[in-house]
Amino acid sequence: MNVHDSERMSGLLEAAGYVRAEEGAEPDVVVFNTCAVRENADNRLYGNLGQLRPVKDRHPGMQIAVGGCLAQKDRDTILEKAPWVDAVFGTHNVGALLALLERSRHNHEAQLEILESLEVFPSTLPTKRDSVYSGWVSISVGCNNTCTFCIVPSLRGKERDRRPGEILAEIQALVDDGAIEVTLLGQNVNSYGVEFGDRLAFGKLLRACGEIRGLERVRFTSPHPAAFTDDVIDAMAETPNVMPQLHMPLQSGSDRLLRAMRRSYRSSKFLGILDRVRERIPHAAITTDIIVGFPGETEEDFQTTLDVVERSRFSSAFTFQYSKRPGTPAADMPDQLPKAVVQERYERLIALQERISEEENARQVGHEVELLVTAQSGRKAGETHRLSGRAKDHRLVHFSVPAGAEEPRPGDLVTLRVTEAAPHHLIADPRPEEYSVRRSRAGDAWDRSQAESCGAAAPATAGAAPGARGSVSLGMPSLPVRVG
Ligand code: SF4
């Protein structure tokens, strides 16, 4: 969600005539889009702001803006701690970025504008997409749940749903531009429809995506187990372009802790969802989020989590050590656990999940998979000359192109046989007869985007250095330089 907001900030700036700063150049405007979900976001923000102060001192007219969740949470504290910041805006008024920069320039004083609720659905703002072959589409923002560890409801507000027609029009526009994959986004994606009173709206939306010609891959994140109904599983199973992938956040296997977290499902319901998904979509890869060391977690609670993880056979898991978020109910709970206890449990959980991930990945060896080739290659691509792609179930596969075989472009689809497995990725070094390329509209769009960006780029080769196929974006907007 945060990365997609960054695309909107870049889009707003570019629509107003800003351009990406050349590497090494001092930018005229720097925008930080902050996230408050992970620990230490504030330390990192103030560290970065501190580093920019001397740059700003020697660069008259340079402007710094801070937006996102941390800005929504800290508000005027940012201007107190870093008075050289020019504009602060929150999660509900991304669209105000340009006006705040302009006003600050005109009035020679910092501008702060934080709204308590959403004025305009952010998807109506211009968007500078990171990728031409794949795009995010917000279907809702905000969340009506009150998980006790989570800062999101207080920073993103109550759930607001977009109308299905608007969502489908945005997807169609993306597809018309060359994208063949979309990921539907929402803090609680499957409660979509709650605002306009249709409990079946999410399943219907998935089926409607199946009607869009040229759209080959549909994904969504993140669902909530409490509201995950069988009509959604049916829609996934019966809509060919909805991918066999599900991210289903567990958080804890202990029912006692789920209650304390105010997560309204229990582990039996969670496991039941997984069973039904696998019954209808046997090849689905299921991933999860787990928090270790929630206040009051006993060794017995943690063992229950390990048991549920063992039974769930996740293909991978995002694991987090609990840390307090000031302003959340869990931050004030008694029985906060010592760091050493949390660390030790965390390591046991990682070891278990790594084993399961490796075993599940090993089952893929010998299978034929279709990959959507990505612009980013693995860390070792410089040595191995392998390219990378995502399988239908979203597994990451690093692959080599057999000698003399056709080189795919990012956005093209290759079909090949998996030859090796590791916990976090698969490897395919196929023989020529086990490898084929399907050139796609998305690959054509990639070529066009490369040609448009300074007329420079011919498609990179398999032997290109890592990074030569497009840089890995972590969602930070680029540093734009004003022209004209
Ligand atoms: S459902 Fe997700 S976004 Fe909503 S409160 Fe819980 S953890 Fe936060």
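Taken over the stretch 207-228, residues that are away from the ligand (no atom under 16 Å from the Cβ) and either in contact with an Asp or Glu (Cβ under 9 Å, 6 or more places away or on another chain) or not assigned by TED's automatic domain parsing to the domain that holds Leu271 (or both) amount to 8. The condition of being part of a loop (DSSP other than H, G, I, E, B) and not assigned by TED's automatic domain parsing to the domain that holds Gly443 does not hold for Leu184.
Residues of the stretch 322-337 that are part of a loop (DSSP other than H, G, I, E, B) and over 28 Å from the mean Cα position of the chain (by Cα): Met333, Pro334, Asp335, Gln336, Leu337. For the stretch 269-279, the criterion of being over 23 Å from Cys143 (Cβ atoms), of a type outside the set (Phe, Trp, Tyr) and either in contact (Cβ under 8 Å) with a residue 12 or more places away in the chain or touching a Pro at 6+ places or on another chain (Cβ under 6 Å) (or both) is met by at least one residue. Against the definition (within 28 Å of the chain's Cα centre (by Cα), of a type outside the set (Ser, Thr, Tyr) and at pLDDT 95 or above), how does Arg313 come out, yes or no? It is true that Arg313 is within 28 Å of the chain's Cα centre (by Cα), of a type outside the set (Ser, Thr, Tyr) and at pLDDT 95 or above.
Here's the yes/no breakdown for (1) over 30 Å from Leu371 (Cβ atoms); (2) not small (Gly, Ala, Ser):
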| site | (1), (2) |
| --- | --- |
| Arg207 | no, yes |
| Thr221 | no, yes |
| Pro225 | no, yes |
| Pro244 | no, yes |
| Ser254 | yes, no |
| Arg262 | yes, yes |
| Pro282 | no, yes |
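Answer with yes or no whether Ala340 is without any contact (Cβ under 8 Å) to a residue 24 or more places away in the chain and either surrounded by 14 or more Cβ atoms within 10 Å (Cβ to Cβ) or in a helix (DSSP H, G or I) (or both). Spelling it out, Ala340 is indeed without any contact (Cβ under 8 Å) to a residue 24 or more places away in the chain and either surrounded by 14 or more Cβ atoms within 10 Å (Cβ to Cβ) or in a helix (DSSP H, G or I) (or both).
Taking the stretch 118-155 as the search range and keeping residues that are among the polar types (S, T, N, Q) and within 16 Å of the ligand (Cβ to nearest atom), which one is modelled with the highest pLDDT?
That would be Thr148.
Only one entry of Leu200, Leu184, Leu174 meets the criterion of being more than 10 Å from the ligand (Cβ to nearest atom), hydrophobic (A, V, I, L, M, F, W, C) and closer than 24 Å to Asp447 by Cβ, and that entry is Leu174.
Inspection of the stretch 14-35 finds a residue satisfying the criterion of being of a type in the set (Asp, Glu), in contact with a Pro (Cβ under 9 Å, 6 or more places away or on another chain), within 24 Å of Trp136 (Cβ to Cβ) and modelled with pLDDT of 85 or more.
Would you check if Ile171 is buried (at least 19 other Cβ atoms within 10 Å of the Cβ), assigned by TED's automatic domain parsing to the domain that holds Phe294 and either under 24 Å from Glu370 (Cβ atoms) or of a type in the set (D, E, K, R) (or both)?
yes
Determine, yes or no, whether Gln376 is at pLDDT below 95 and among the polar types (S, T, N, Q). So Gln376 fits the description; yes.
Applying the selection to the stretch 58-77, what residues are farther than 19 Å from Leu98 by Cβ, free of Cβ contacts under 8 Å to residues at least 40 places away in the same chain and in contact with a strand residue (DSSP E or B) (Cβ under 8 Å, 6 or more places away or on another chain)?
Listed by number, the residues that qualify are Leu70, Arg75, Asp76.
Residues in the stretch 77-119 that are in contact with a Leu (Cβ under 9 Å, 6 or more places away or on another chain) and either outside the structural domain of Phe32 (by TED's automatic domain parsing) or assigned to a loop (DSSP other than H, G, I, E, B) (or both): Ala82, Trp84, Val85, Asp86, Gly90, Thr91, His92, Asn93, Ala110. When Pro225, Pro295 are screened for being within 23 Å of the chain's Cα centre (by Cα) and either among the polar types (S, T, N, Q) or surrounded by 19 or more Cβ atoms within 10 Å (Cβ to Cβ) (or both), only Pro225 passes. For the stretch 418-445, which positions are in contact with a His (Cβ under 7 Å, 6 or more places away or on another chain) and not hydrophobic (A, V, I, L, M, F, W, C)? Within the stretch 418-445, His425 is the sole residue that qualifies. Among the conditions (1) crowded, with 20+ Cβ neighbours inside 10 Å; (2) within 23 Å of the chain's Cα centre (by Cα), Glu370 misses just one, which is (1).
Against the condition outside any loop (DSSP other than H, G, I, E, B) and either within 16 Å of the ligand (Cβ to nearest atom) or farther than 26 Å from Val341 by Cα (or both), how does Asp307 come out, does it pass? So Asp307 does not fit the description; no.
The values are calculated or read from the model by the stated rules, or taken from the named source; none is laboratory data. Please read all numbers here as calculations on a predicted model, not as lab measurements. Ideal geometry is used to build each Cβ from the backbone, glycine not excepted, and the neighbour counts take in all protein chains shown.
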